[in-house]
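Novice: Sharing a structure, written as C-alpha cells. Questions coming.
The values are calculated or read from the model by the stated rules, or taken from the named source; none is laboratory data. Owing to the predicted nature of the structure, the values given are computational and were not obtained by experimental measurement. Glycine also receives a Cβ, built like all others from the backbone with ideal geometry; neighbour counts cover every protein chain displayed. When the accessible area is computed, the model is the full protein with side chains, heavy atoms only, and any ligands, DNA or RNA have been set aside. Shrake-Rupley method; radii C 1.70, N 1.55, O 1.52, S 1.80 Å.
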Amino acid sequence: MANNFDISGSKDKTFTDLDIKLSSSEALESSSPAETSATDVRRARAQEMAKQIAMNIGFGNDDQNTDNHESAQGSNEATRVTEMATRPASRTSSGAQRPASQRTGAQRPVSGQRRPVQSGSQRTANGQRRPAPQNAARRPASSRPAQPANRRRRKKKSSGGKTAAFFLIGLLVLVIGMGYFIGLVLTNGAFLPNTTINGVDVGGMNLQEATEAVDNSDIATTLVLTQEDGSVAYSILLDEFGYTYNTDEQIQKLYSGIDRKTWFTSLFKTTEYKLEASLSYDEPKLKQRLQNIKWAVIEPQNAFITNSGGNYQIVDAVDGNEVDAEGLVNHILEEVRKGKLKVTISDYYSVRKAEIQSADLQEKLKFYQQFKDFTITIDFDYTQEKLSMDDYLSWLEFKDDGTYSVKHDEVAHYVSYLADTYDTYGTTRNFHATLQGNIRVEQGPQGTYGWLIDKDKTTEKIKKLLLEGKSTTIDPVYATRLDKYGVAFFTYKSDESARSAETDIGNTYIEVDLTAQRMWYYENGVCKFQTDQIVTGLASDSERITPEGVYEILEKKSPDYLSGDGYSDVYVKYFIRISYEGIGFHDLSRGSYGGNIYLTNGSHGCINMKLAEVEKLYGMVKGGTPVIMYY
C-alpha cells in the first residue's frame, strides 16, 4: 500500500508544527491492527527525522527562512523522509513482514531521489507490479496532497523579477526616445554638429550664419603665394583685382540635403565639405599687380677669409637664387583661373652659384697664415700709419700657382689718402702775428715751406715692401724741387720738430710784417732778434713786390753774388735764401731803412738789411726754419 504525506509550513510556524497526515483514510481503515501499530511507529520516527533535517538546514528560524530557497529544499527533503518512514515494510515471499534488520540497503531510497508513489497498486512476490483493483476510486481533489508553500513563494519571486526587468527596459526606451526627440528639435534649422565647409566649422549654425562664416574666412580675402616650406612669401588682397566668388547656392544645397533624423551619428564623426565657388575677377589687373612685385632674389655671397684673434679661416660661400618672373606670373594666373587662392612659387626660382668658392681661397689662406703678422709702418714725425694684412689684403691678387701681385691702383688710392691727411704744403695756415694778432696766411706763389708727399714714388715703395713681405717702418717719399739743371734743389719736407696735429710751423720761425716793415726771429717761442730797419720789394711793381707766403730757409751763403732783372753779380756778404726764384735776406748799403721806403724805392723782392743785423741773423738761424711773411 502506498502512503502520501503533505509537509507544509508557514511563516508563523516552525517545522515542529508541521502536520503530517495520511493522505487517504481508506488506507488506514483497510490495514490490520498490527499494520496500524507499525505505521504509527514509523510515523513517529519520520516526524523526528523531519525535525532533525529542518534544524540542520535552517527551518528553525522564522525570520531567516520566510523567503529562503533553501527552506523549500528542506521541506521537500522532509516530505521524502516521511514517505519512507510511513511506507509499509517489505514482506517476504510468504506474505509476512520482513524484519527491519533483514532489509537491504538496496531497498532504501537514494538520497536526492523521490520514489514515485503509486496509489492503489501493489507488487507481487517476484517484484512484478500488481494492477490496482478496478473498484479503486480516484481520490477527490480535496484529498490530494497540498503543494509545499515554498514552491508557491518561488513562483511569486520569479514573477516579480520579470516585472522589474520589463519596467527598466521600458524606462530606458523612454529616456532614449526623449533624448532623440530633443536632439531632433535642437538640430532643426541648423547644420549638424562636427560639420565643416572649406575648413570653417558650421556645426549648429543656421543657413545665414554658415554662409557668412564661410564668406568671411581668411582664404576668401587674400591670394597667398607661398614658398616650398609653406611660408607666406607674398599676399594680395582679392579686392585689388576685383575678385568675387559665390558659395551661397552650394551651401543652400548642403543645408537642404541634411538628414536630421540621423543627427545622432554626427556626434561620432566629422563631415567635411570643400566647395569650389563660382568666381569672377579682372585678370589684366591681377597680371599688372604681379608684374609690379619685386620678387625676392637672394644675391650669392662669395667665400671669404675672416680673422678672429689672428686665426684666419675660410667662410664658405652662400649660393643665391634668381627667378623666372615671366613664367611665375603666368603660373599664378593659371592657378587663379582654376579657383586656387594659394599658389606655390618656389618652382620658378633657380640656384645662383657664388663666384668664389672655398676651394678658390686655399692658396690665399696659406698667405694669410704666413703673413698675418706682416705690417708696414709709415712715420709722419708726430704720428704713424700702420698697414696690417686687414688693410692691404684686398690689394693682393693671387694666382693659381700660389704667387700674388699687388694692385697698383689700390696702393695709389691709399697713398692719396695719406697725402690728403698729412700734406701741409699749399695750405692756408692759422698764425698769431706779433702786431696783428691771429691771421690767416696763404702758402703764396713762391712759398716753399711744408710737407708734400711724392705720391708716385711712395706708391712704388709700398708695393715693393708688400711683395717682400717683411715688416718695416718707413718715411713717405716727399716731393723735391729741381733746379735748372734737373738736380734736386730742395725737398718739400721741413723741420720734423715743428710738426704737430695743430700746426707745422712750430714755435721757432722768422716773422716779417711787410706792411710795418718789421721782422722778428722767435726761437722756441722766445724772440731772439727783431728789427725795423728793412726794405722789401717795391710794392708798386708787381714784378718786384715781395710776395707774402710761408717760406723756409733753403740755403745760406757767405759771400754770394746775386743776379736778376737789371742787375748781375752783385756781391753780398751774407745771403739767406727762402725761395726757389731767389728771394732772401741779404745785406745792402742804403741811406735809410724801414718806414715806407718800400712803397717808392723798394728792392727787387729781397729783404734788404744792414750788414750787422743780417750777420747776426745769419748766425742764429738754420736751414728749414719757417719764414712767414704777410701784409
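Novice: Considering only the range 530-537, I want to know if a residue exists there that is aliphatic (A, V, I, L, M), outside any loop (DSSP other than H, G, I, E, B) and open to solvent by 60 Å² or more (accessible area, probe 1.4 Å). First the steps, then the outcome.
Specialist: Initially, the range 530-537 is screened for residues aliphatic (A, V, I, L, M), giving 534-535.
Subsequent filtering for residues that are outside any loop (DSSP other than H, G, I, E, B) retains 534-535.
Remaining after also requiring open to solvent by 60 Å² or more (accessible area, probe 1.4 Å): none.
The answer is no; no qualifying residue exists.
Novice: Taking the range 318-351 on its own, how many of its residues are open to solvent by 30 Å² or more (accessible area, probe 1.4 Å), out of contact with any Ser or Thr (no Cβ under 7 Å at 6 or more places or on another chain) and of a type in the set (S, T, N, Q)?
Specialist: Looking only at that region, the number is 2.
Novice: Checking Lys386 against (1) out of contact with any strand residue (DSSP E or B) (no Cβ under 6 Å at 6 or more places or on another chain); (2) within 23 Å of Ala501 (Cα to Cα); (3) basic (Lys, Arg), which single condition isn't satisfied?
Specialist: (1)
Novice: Shifting gears a bit: Got a number for residues in the range 257-280 being over 37 Å from the mean Cα position of the chain (by Cα) and in contact (Cβ under 8 Å) with a residue 40 or more places away in the chain?
Specialist: 8
Novice: Restricting the first residue to the range 561-586 and requiring it to be farther than 17 Å from Tyr551 by Cβ and among the charged types (D, E, K, R), which pairs with a second residue that is open to solvent by 60 Å² or more (accessible area, probe 1.4 Å) and assigned to a loop (DSSP other than H, G, I, E, B) meet a Cβ separation below 8 Å and a spacing of at least six or different chains?
Specialist: Asp565/Glu543; Asp565/His604; Lys573/Pro559
Novice: Which one of these is touching a Pro at 6+ places or on another chain (Cβ under 9 Å) and not acidic (Asp, Glu): Phe367, Phe380, Phe398, Phe374?
Specialist: Details: Phe367 fails: touching a Pro at 6+ places or on another chain (Cβ under 9 Å); Phe398 fails: touching a Pro at 6+ places or on another chain (Cβ under 9 Å); Phe374 fails: touching a Pro at 6+ places or on another chain (Cβ under 9 Å).
Going through Phe367, Phe380, Phe398, Phe374 in turn, just one is touching a Pro at 6+ places or on another chain (Cβ under 9 Å) and not acidic (Asp, Glu): Phe380.
Novice: Please specify each residue of the range 405-436 satisfying the condition of being open to solvent by less than 40 Å² (accessible area, probe 1.4 Å) and of a type outside the set (S, T, N, Q).
Specialist: Within the range 405-436, Val406, Val411, Ala412, Tyr414, Val415, Leu418, Ala419, Tyr422, Asp423, Arg429, Phe431, Ala433 meet the criteria.
Novice: Restricting attention to the range 367-386, and to residues there that are among the charged types (D, E, K, R) and within 14 Å of Tyr414 (Cβ to Cβ), which single residue is surrounded by the most Cβ atoms within 10 Å (Cβ to Cβ)?
Specialist: Of all residues in the range 367-386, those among the charged types (D, E, K, R) come to 372-373, 379, 381, 385-386.
Now drop any that are not within 14 Å of Tyr414 (Cβ to Cβ), which leaves 385-386.
On the way: Glu385: 16, Lys386: 11.
Once the filter is applied, the top-ranked residue is Glu385.
Novice: Taking the range 275-317, which residues are within 22 Å of Arg337 (Cα to Cα), touching a strand residue (DSSP E or B) at 6+ places or on another chain (Cβ under 8 Å), open to solvent by 60 Å² or more (accessible area, probe 1.4 Å) and not in a strand (DSSP E or B)?
Specialist: Answer for the range 275-317, where residues must be within 22 Å of Arg337 (Cα to Cα), touching a strand residue (DSSP E or B) at 6+ places or on another chain (Cβ under 8 Å), open to solvent by 60 Å² or more (accessible area, probe 1.4 Å) and not in a strand (DSSP E or B): just Arg289.
Novice: Of all residues being in contact with a Lys or Arg (Cβ under 9 Å, 6 or more places away or on another chain) and part of a loop (DSSP other than H, G, I, E, B) in the range 538-553, which is most open to solvent (accessible area, probe 1.4 Å)? Just the residue, please. Talk me through it step by step, then tell me what you get.
Specialist: Keep residues of the range 538-553 that are in contact with a Lys or Arg (Cβ under 9 Å, 6 or more places away or on another chain), which gives 538, 550, 553.
Adding the requirement that they be part of a loop (DSSP other than H, G, I, E, B) leaves 538, 553.
On the way: Leu538: 20, Ile553: 3 Å².
Checking each candidate, the answer is Leu538.
Novice: Could you check the range 505-527 and list, in sequence order, the residues that are open to solvent by less than 10 Å² (accessible area, probe 1.4 Å) and of a type outside the set (Phe, Trp, Tyr)?
Specialist: Correct list: Ile505, Ile510, Glu511, Val512, Asp513, Leu514, Gln517, Met519.
Novice: Identify, by number, the condition in (1) in contact (Cβ under 8 Å) with a residue 24 or more places away in the chain; (2) in a helix (DSSP H, G or I); (3) open to solvent by 80 Å² or more (accessible area, probe 1.4 Å) that Gly183 doesn't meet.
Specialist: It fails just one condition, (3).
Novice: For Asp504, only one of the following conditions fails: (1) in contact with a Ser or Thr (Cβ under 8 Å, 6 or more places away or on another chain); (2) assigned to a loop (DSSP other than H, G, I, E, B); (3) of a type in the set (Asp, Glu); (4) free of Cβ contacts under 8 Å to residues at least 24 places away in the same chain. What is its number?
Specialist: Of the numbered conditions (1) in contact with a Ser or Thr (Cβ under 8 Å, 6 or more places away or on another chain); (2) assigned to a loop (DSSP other than H, G, I, E, B); (3) of a type in the set (Asp, Glu); (4) free of Cβ contacts under 8 Å to residues at least 24 places away in the same chain, the odd one out for Asp504 is (4).
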